[in-house]
Amino acid sequence: MFPFLAMGLATVLVGVAVTQLAMFATTVYLHRFLAHGGIELRPEVRAASRIVIWVTTAMKPRQWAQVHRYHHAAEDTTDDPHSPRNFGGGRPGAWHVFWRNGPLYTHSTRDPRLAEKYRDLVADRWDHWFFDRGELGVVVGVSVACATMAVLGHWIVGGWLGVVVGVAAGLLASGLHASYYLLAGGAINGFGHASTVARRVGGYAMNMPVIAWFTVGEGWHRNHHGAENSPRFGWGRQVDLGWIAIRGLCHLRLARLTTRGEAGLRRLQGLYAGHALTTPEHLAKS
Ligand SMILES: [Zn+2]
Ligand SMILES: [Zn+2]
């Protein structure tokens, strides 16, 4: 019994670890670098991030950045690609966006106005050869997961049975990762915009301390809408694992803050100094 329990535990650990890796690439590369330009990344970090995004999410980075910039530009209006306000607002709207995060994203990637609006986001030859082929990325990602788990299964369970159990575990871990990643995005886009009143700073966006832990800092969503170019989302004691990763990359000279990022950081600092992000909801003016 022990070998099968060990394989079950390994499946959950691998699924969660892959999701964390995908979320680091999402928040650092797609969000804080590509969409908002708060940081500059060395080419090797950009290349590694593109490979991670390709094999773990099958998304096209420039499309993600287009949809996301549009979300900020059209924040909680009828044009916003995934605002809960367009589905009843508050908690009911948030639940709607939470469950339909994938379809809402896919729908907005098909809007030709987005590519037209953000002309700096263009495909290069690596996109044509590899990264625009999302289905190939999924095949590579799932194959690597199954092969790794098959080796582990052969070692822990033994024989061909171990290999078969390992391949099944690889498929399960991939499914776990896909669900976790999609729902984490849904939580940010849904509950991250679940305020029932628009605040002067941050609008309908919400800070979510618990979700911030599970989404490497993305949960500090009201901070982010208050100072969108800041590469730091959590302020003071608010834990922001994405910012810790960026600080580590800066320390290794693999990343640096841009002028825009530094201005964003000063804005976030100023908002907290002026208590603009700590106004209770019932005191907010709509
Ligand atoms: Zn938002
Ligand atoms: Zn953003």
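So for each of 243-256, 207-220 I average, over its residues, the number of other beta carbons within 10 Å; can you give me the resulting order with the highest mean first? Write down the numbers at each step before the final one.
Numbers: 243-256: 15.6, 207-220: 21.4.
Packing proxy ranking, top to bottom: 207-220, 243-256.
Please tell me the relative contact order of the chain in percent, rounded to the nearest whole number, where contacts are Cα pairs under 8 Å and at least six residues apart.
Working: 464 pairs, mean separation 65.6, N = 286.
About 23 percent, as a whole number.
Just the Cα atoms of the chain, one point each, no solvent: what log10 I(q)/I(0) does Debye give at q = 0.07, 0.08, 0.13, 0.14 Å⁻¹?
These q points yield log10 I(q)/I(0) values of -0.28, -0.37, -0.92, -1.04.
With n ≥ 4 as the cut-off for DSSP H runs, can you work out [θ] at 222 nm for the chain, using -39500 (n - 2.57) per run divided by the number of residues, rounded to the nearest 500? Provide the component values of the computation, followed by the final result.
Details: 12 runs with 169 residues, N = 286.
Result for the chain, helices only: -19000 deg cm²/dmol.
For the range 117-158, which trypsin sites (Lys or Arg not before Pro) are both in a DSSP coil and crowded by at most 10 other Cβ atoms within 10 Å? Provide the component values of the computation, followed by the final result.
Values: sites: LYS117, ARG119, ARG125, ARG133; in loops: ARG119, ARG133.
Of the trypsin sites (Lys or Arg not before Pro), the ones in loops of the range 117-158 whose Cβ has at most 10 other Cβ atoms within 10 Å are ARG119.
Suppose every K and R has +1 on its Cβ and every D and E has -1 on its Cβ; what is the size of the dipole of the chain about the Cα centre, in Debye to the nearest 20? Before the final figure, lay out each step's value.
Working: 28 positive and 18 negative charges, 129 e Å.
In debye, rounded to 20, the chain gives about 620.
Please work out whether the range 152-286 counts as rounded, prolate or oblate from its C-alpha gyration tensor, where a ≥ b ≥ c are the square roots of the eigenvalues and a/c under 1.5 means rounded, while otherwise a/b larger than b/c means prolate and anything else oblate? Please report the intermediate quantities before stating the final value.
Working: a/c = 3.89, a/b = 1.89, b/c = 2.05.
In terms of gyration-tensor shape, oblate.
Taking the dipole about the Cα centre of the range 34-127, with the C-beta of Lys and Arg at +1 and of Asp and Glu at -1, give me whichever of ASN86, TRP126, HIS72 is farthest to the positive side.
TRP126
Taking the Cβ-Cβ separation of HIS72 and GLN269 as r and a Förster radius of 22 Å, what is the calculated FRET efficiency to the nearest 0.05? Spell out each step's value before the answer.
Values: r = 20 Å, r/R0 = 0.91.
For R0 = 22 Å, the calculated efficiency reads 0.65.
What's the exposure ranking of TYR29, TYR272, going from fewest to most Cβ atoms within 10 Å?
Working: TYR29 23, TYR272 17.
Ordered from fewest to most neighbouring Cβ atoms within 10 Å, TYR29, TYR272 come out as TYR272, TYR29.
Every read-out reported here was derived from the displayed coordinates using simple, explicitly stated rules and does not represent laboratory data. Keep in mind the model is a prediction, meaning the values are calculated, not measured. Using ideal geometry, Cβ is built from the backbone for each residue, glycine included, and neighbour counts are taken over all protein chains shown.
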